[in-house]
Amino acid sequence: MLGFLERPVVVTADINLNVVALTAVGLLSRLWQLAYPRAVVFDEVYYGQYISFYMKRIFFLDGSGPPFGHMLLALGGYLGGFDGNFLWNRIGAEYSSNVPVWSLRLLPALTGALLVPMAYQILLELGFSHCAATGAALLILIENALITQARLMLLESVLIFFNLLAVLSYLKFANSQKQRPFSLRWWFWLTLTGMACSCAVGVKYVGVFTYLLVLAVAGVHAWHLIGDRTLSHVRVLCHLLARAAALLVVPALMYLLFFYVHLTLVCRSGPHDQIMSSAFQASLEGGLARITQGQPLEVAYGSQVTLKNVFGKPVPCWLHSHQSTYPMIYENGRGSSHQQQVTCYPFKDVNNWWIVKDPGRHPLVVSNPPRPVRHGDIVQLVHGMTTRFLNTHDVAAPLSPHSQEVSCYVDYNISMPSQNLWRLDIVNRESDTEVWKTILSEVRLVHVNTSAVLKLSGAHLPDWGFRQLEVVGEKLSRGYHESMVWNVEEHRYGKSQEQKERELELHSPAQMDVSRNLSFMARFLELQWRMLTVKSDDSEHKYSSSPLDWVTLDTSIAYWLHPRTSAQIHLLGNIVIWASAGLATAVYALLFFWYLLRRRRCIRDLPEGCWLRWVLAGALCAGGWAVNYLPFFLMEKTLFLYHYLPALTFQILLLPVVLQHVADHLCRSPLLRSVFGSLVVAWYSCACHVFNTLRPLTYGDRSLSPGELRALRWKDTWDILIRKY
Amino acid sequence: MLCATSRLLAARTATALPAQPRGRGPGARCRRRELHFPGHPEVPLGEFLAGRLARSSVSASRRAILRRGRMPPAVGGGPAGSELRPRRGRCGPQVTRAVGPDVAAEPAARSPKRPARGSRRFEAAGRWALLALVTLLSFATRFHRLDEPPHICWDETHFGKMGSYYINRTFFFDVHPPLGKMLIGLAGYLSGYDGTFLFQKPGDKYEHHNYMGMRGFCAFLGSLLVPFAYLTVLELSRSLPAALLSAALLTFDTGCLTLSQYILLDPILMFFIMAAMLSMVKYNSCADRPFSAPWWFWLSLTGINLAGALGVKFVGLFIILQVGWNTISDLWHLFGDLSLSVVTVGKHLTARVLCLIVLPLTLYTATYAVHFMVLNKSGPGDGFFSSAFQARLSGNNLHNASIPEHLAYGSVITVKKLRMAIGYLHSHRHLYPEGIGARQQQVTTYLHKDYNNLWIIKKHNTNADPLDPSFPVEFVRHGDIIRLEHKETSRNLHSHYHEAPLTRKHYQVTGYGINGTGDSNDFWRIEVVNRKFGNRIKVLRSRIRLIHLVTGCVLGSSGKVLPKWGWEQLEVTCTPYLKETLNSIWNVEDHINPKLPNISLDVLHPTFPEILLESHMVMIRGNNGLKPKDNEFTSKPWHWPINYQGLRFSGINDTDFRVYLLGNPVVWWLNLLSIVLYVLLGSIIAIAVQRGAHLPAEVEGLSQVLLQGGGQLLLGWMLHYFPFFLMGRILYFHHYFPAMLFSSMLTGILWDTVLQLCAWSLASPFLARGMYAAGLLSLLLGTAYSFYLFHPLAYGMVGPLAQDPRSPMAGLRWLESWDF
């Protein structure tokens, strides 16, 4: 029972002082004077507003990445007691006293600092010497661009942290695979790999490339495992299932969790509501929910409604009509029906109200009890202000001549009979007798005579149409498109005849509570879809660059300039490290192909273990560089130098790998080896010198004279700001 | 993955088999991956199965080898250094001999009868007869009612028109390379079409114009796809039924049929793709006789077809990737073969570089040379190209023109944007409307030649008339500060800190001043790109930038169309971003200066490589410019394999003659199912092999065909399909058809294999045979019957639309999105 007392409690601790020391210098380099400058620096202006939204719990939509990164930044604000009251409008604006600058910048700085010991660990796990590992860490330590990026409220260093964490924990897992599979340690590192991957994806979408790389390496390892005939079938299956669970299921769940927390946190309506669907908006506090609160759920004959287009591009808008008619003759000489215009209008307006009418009955009010409209019913839509019927006919639309014109019927044109019957088609119905519901139902209005569907064409009408959006009738057979789908947003039962008012008040309509009706998955899917499809506007930027400029560091970004002196923060890399990292990649590739070709001819230069180590290091480091760099050539968004930093980090890890390989295998004689060693030391001191020279631009703490700044402009393309006195 | 696995398998087989001197006998030639139809090789199932008869001995011998276990590589008893060695397990018959008569005798004894020489001849004859039948059927279906409808269908309006351009020798611009249209033009020319038909819009009647030559040419190439598929599958699987099934799928596919019947690039493109695939496969089969005549023939034919595919559309790049991948893995195996000397491997490499890189590139360039030679008259495509290029075209105002070469003060010039389809710097007597920047005169770019495009270069500080004969000529140099005065309105090109009308981050550009007197905001620095010193500025050839002196911005054009107040001309802005993008680079086109001597522009003729490069840049930009709009219906790549929506070729209403491009749904859905099934089956086999399971000999043979032959086809399908997901340009349904060819061939191989596997697993030989035959026949008859049902889509139909229950097609509208 008390057997454990028979042995003394012994704690043995192995402390690798290398790691401790590297962590310490890492922290020092990243945290030193962290709260300086006390002003908005570059993209802080962009991330800062999201932090404020979190603090105020206001809903927002940012297409640049999933919410996990923003949430991490906001966590710093929360711990620092930030109330969100700061106007993020201008780079260089002084922070007011309520902004906890230090704690806001702390998290990126910490992750940036931890890169240093992690680089050390990764090289060790790859099977390289402590010397090479320390070298990798020291290179990360003095990389100016990484320091600059880590010391501000930006997400790159967080992304890089999770990227490296994923690689590191996968390596730890793979190494414990050889010793004790299914041990606690094995499970820990395996799960951590999956979690780090999903965190990386959660910070920025580009994290997915590292995730894919890790998956590919894991896949190859699993394939070898399948080929391992010493394992039983069941055991192989267990291995595969464990990997699938940790590397596929866990990340997916974590990703959902980020959105769950995000949607729980930002629950109030805000400036980005308009992009979302009515149902989503109604699930937020305030905003649309306040307007639609207490409105009847089921649309009935006699209901007064506003109809919002579900697609909402180029702008969200409501079906609209007004007194003006289509011009008799358009500019290009085509004629119109000269009937009342029907458009889509992006603002709330009294002319957006329509009354749902039963074609067989006269009154425009809701009967008692209300007769709900169901899928497949034929209805007429009456424009509330002008009492004209929504109509379409075989006349070419003003701007989209292949589609039909939609108008409100004016009866003086006798040659054109009114064609105002529409069939209701509820797209997201669950049964064929479903009732048309406010906000929740997405409907298509199919014209009975011509089977045209009411559609937002996306074109802006000219001046005669007051620059509102064109609405047309499109052939149903063209297929399904979201711009054909509408939903009821505001809704009330019509009660224009006074005598009926009392009756209706007595009859209480079914109340709706959309926020409870909309499930998390529905909200997640909508939000994710909108994030992926939202378009950023004008994409030109003074400091944008193309991926080709990155490898050679032909570009730079001015982050911040002191309001009075020339002290400035400038994103510039340590050019010695960039150049040698690029060189190392080339050398690696050459050597790799050389060895590969020779192995194919059965000439084995390297022992098998060494070769495998060399391949794995290349797959992770050179592969990490490639997957984080090459896809940018296919991207059409505005790119900046900092997008290269994840790739660069992997490239830097490759540098000591190549150096050690050259020292171990290519320098045959001890003399050559010592010469090579001293060259490496000289090269590293050179890198240190460059770091030191560029330090004022990295930390922005010291104002340099124009002459000194001009001297730092080593490349013509570096736009170092020089203040004219 | 699968593909890699198949290589793995292949490599293993190759090493497992001993090296052999190559036999010359007919049995030794190109025979590989033998199939075995379990037990009953000699029972004729009609012609269909004839192909299988002769091979029983071979498969039996293979079984024998496998039963003995794998041979260690050390056994390799062939003469050392023999370079003609079988690879990749293609050496079944040779092995028979190596193993010795005792082993070979055993299966021979078991198998009822060795087919006689006569039956082998019979088999070859049957094979040819089948090929002839397949070809005949294909031609019959493609040429049936080729002349209908006698009006322009869909994209015939483009490609027919371009054919006419070749006949008329007028220059035009298209986003595709020229070969396809050149062939169409040639076909038209040879068949007596005179190029006078206008090809204005779909639906226009051809009347007396001879269009059948062009349609017939396309239909001819389209008909050849079927025999090509037949031969390819036969080569890959060595199974006649598989080849027949693939051919039937393609023959009876309404989509392929429709696409082959009109004047389009697609039949030409698909012809070259399939021809390249076929010759690659053929050449792979000759791998045991390197550097022989057929080997060279097929190798160079592959290269020629690659050039053809790329010359028709850039989609041809995908088949180049496939051939490239095949070649690399091939070389990799050769390189790993230690019995081959490095010199021999080098020879192999050189042969491939010559035939697959140098030859296609030469041919591709040659098509452009012909293109530029034929099209020597000015035409609708001029405006897309640079001024220097236009000078080549007779009829263009730059052709044979003579203008002063260097810019001088006082010259009257037009300034053209270097980027295509932007036009000339332009101004006119209309002001920017209220609320849009300063209310000054508009400056735009305009695509057409016009008096309002003329500007006068003046010195920034004097307003003296530089054309006064008393002044000496003063040339404009790189870095000079100049003023550009609009000739018609005498206002200066001007910019200031007001935001531009559309691009809000840029500055507005206006015309300002009275009679040439303005302010310091009218000063611009003229710079030549890539020039350091104060050199003169050349007409047409110098690429210049205009930098605003006060604000430091660069004159550029965003390419956005101004609203009606700007006459829908394009916006001109001054951009504060000093990047050297094409948006801010201009050149001087017209140049009038009486004080300077004129030189002939002929000296400025661009060289052929320059023209080639320029036309490629223009094509790539043109392709990138084809972007879909938000609210439009666009075809998405995921629509295609499920045959979600067709394309209307002709006719809309019930009275029209309607042709609708839609795949035969039976064929397409079978293809889709086959891909899924293939991936499943392939993974199962690959994992089983990786786990070290010993497959029975029959299954082993089948799985080799499945993984290697099928792997090639699956790769082809993936290469021709998945890249479309990455493309930003507007996509159409017909882009899927090259991929569909591959997927149909895969279906043929897969079902043949699946049926054989099923038959093999049945105990009773009679049942097995019956099952196999029944399965195959039902597949063939099913596709044929579905073609009978759907043929009106391709051959045209009149009458009520399919939504109408009265229409005979009403019951065939299986998806709501089909619209015929």
Compute the accessible area per residue over the stretch A:209-360, keeping the other protein chains in place, probe 1.4 Å, unit Å². 41
Could you tell me the center-to-center distance, by alpha carbons, between the stretch A:136-194 and the stretch A:297-328 in angstrom? 53
Check each of the chymotrypsin sites (Phe, Trp or Tyr not before Pro) in the stretch A:370-467 and keep only those in coil by DSSP with at most 11 other C-beta atoms within 10 angstrom; list them in order. A:Y412
Based on the mean of other beta carbon atoms within 10 Å per residue, what is the order of A:134-144, A:564-574, B:302-312, most packed first? B:302-312, A:134-144, A:564-574
Check the straight Cα-Cα distances from A:K178 and name the lysines below 20 Å, setting aside those fewer than 8 residues away within the same chain. none
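How large is the Rg to Rh ratio of the stretch A:442-483 when both quantities use alpha carbon positions and Rh follows Kirkwood?
On the way: Rg = 11.6 Å, Rh = 11.2 Å.
Computed over Cα atoms, the ratio is 1.04.
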Protection proxy ranking, peptides A:376-387, A:316-327, A:677-688, average beta carbon neighbours within 10 Å, highest first: A:316-327, A:376-387, A:677-688
Förster radius 45 Å - calculated FRET efficiency between A:A586 and A:A242 (Cβ-Cβ, nearest 0.05): 0.70
Chain A: D in µm²/s via Stokes-Einstein (Kirkwood Rh, Cα pairs, 37 °C, 0.692 mPa s)? 109
Expressed as a rounded percentage, what relative contact order does chain A have, with Cα pairs under 8 Å and six or more residues apart? 14
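From other protein chains only, count the Cβ atoms within 10 Å of every residue's Cβ in A:311-318, then give the mean. Mind showing how you got there, number by number?
Details: counts 2, 0, 3, 3, 0, 0, 0, 0.
Partner Cβ neighbours, averaged per residue: 1.
For chains B and A, what's the summed buried accessible area, probe 1.4 Å, to the nearest 100 square angstrom? Walk me through the numbers on the way to the answer.
On the way: alone 34210 and 33210 Å², together 64220 Å².
Counting both chains, the buried surface is close to 3200 Å².
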Within 10 Å of each Cβ in peptide A:215-228, how many partner chain Cβ atoms are there on average? Round it to a whole number, please. 2
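Considering only protein heavy atoms and a probe of 1.4 Å, how much of the accessible area of the protein assembly as shown is carbon and sulfur, as a whole percent? Could the numbers behind the result be given before it?
Values: 40350 of 64220 Å².
In the protein assembly as shown, the share of accessible area belonging to carbon and sulfur is 63 percent.
Could you work out the mean count of beta carbons from other protein chains within 10 Å of each residue's beta carbon in A:587-594? Display every interim value, and only then the final one.
Values: counts 0, 0, 0, 0, 0, 0, 0, 0.
Mean partner-chain Cβ count within 10 Å for A:587-594: 0.
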In whole angstrom, and with the biggest value first, how far do the Cα coordinates of the stretch A:28-82 range along each principal axis? 35, 23, 19
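Based on DSSP H runs of at least 4 residues, each adding -39500 (n - 2.57), what is the mean residue ellipticity at 222 nm of the protein assembly as shown after dividing by all its residues, to the nearest 500 deg cm²/dmol? Don't skip to the end; give the middle numbers.
On the way: 47 runs with 681 residues, N = 1545.
Value at 222 nm, helices only, nearest 500: -14500 deg cm²/dmol.
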Just how far, in whole angstrom, is the stretch B:502-535 from the stretch B:160-179 if you go by their alpha carbon centroids? 39
Quick one: which residues, 5+ away or cross-chain, put their amide H under 5 Å from the amide H of A:Q419? H built at 1.01 Å from N. A:T392
Spin-label point model (7 Å from Cα, Cβ direction): what's the A:Y480 to B:F475 distance in nm? 6.9
Using only the alpha-carbon atoms, what does the stretch B:696-820 span along each of its principal axes? Please give whole angstrom values in decreasing order. 56, 41, 21
By how many degrees, between 0 and 90 and to the nearest 10, does the Cα long axis of helix A:520-533 differ from the longest principal axis of chain A? 80
So if I take the centroid of the Cα atoms in the stretch A:663-725 and the same for the stretch B:374-448, what is the distance between those two points in Å? 49
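Using 1/(1 + (r/R0)^6) with R0 = 60 angstrom and r between the beta carbons of A:N18 and B:Y785, what's the FRET efficiency to the nearest 0.05?
Working: r = 76 Å, r/R0 = 1.27.
So, using R0 = 60 Å, E works out to roughly 0.20.
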Defining a contact as two alpha carbons under 8 Å apart and six or more residues distant in sequence, what relative contact order in percent does the stretch A:579-725 show? 21
Between A:L231 and B:H616, what is the spin-label point distance in nm, taking each point 7 Å from the Cα along the Cα→C-beta axis? 4.8
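At 0.36 nm per residue, and after removing the present C-alpha to C-alpha distance, how many nm does the segment from A:W594 to A:R564 gain when stretched out fully?
Working: separation 30, 0.36 × 30 = 10.80 nm, distance 5.64 nm.
Value of the extension gain: 5.2 nm.
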1/(1 + (r/R0)^6) with r = Cβ-Cβ of B:L695 and A:W223, R0 = 22 Å, i.e. FRET efficiency to nearest 0.05, evaluates to 0.70
Could you give the spread of the C-alpha atoms of the protein assembly as shown along their three principal axes, from largest to smallest, in whole angstroms? 105, 98, 91
Distance cut-off 19 Å, Cα to Cα: go down the list B:K459/B:K595; A:K475/B:K564; A:K535/B:K627; B:K201/B:K377; B:K377/B:K417 and report the pairs above it. A:K475/B:K564; B:K201/B:K377; B:K377/B:K417
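The values are calculated or read from the model by the stated rules, or taken from the named source; none is laboratory data. Keep in mind the model is a prediction, meaning the values are calculated, not measured. In this analysis, Cβ positions are derived from the backbone assuming ideal geometry, glycine residues included, and neighbour counts consider all displayed protein chains. Note: accessible area is taken over every heavy atom of the protein model, side chains too, but ligands, DNA and RNA are not part of it. Shrake-Rupley method; radii C 1.70, N 1.55, O 1.52, S 1.80 Å.
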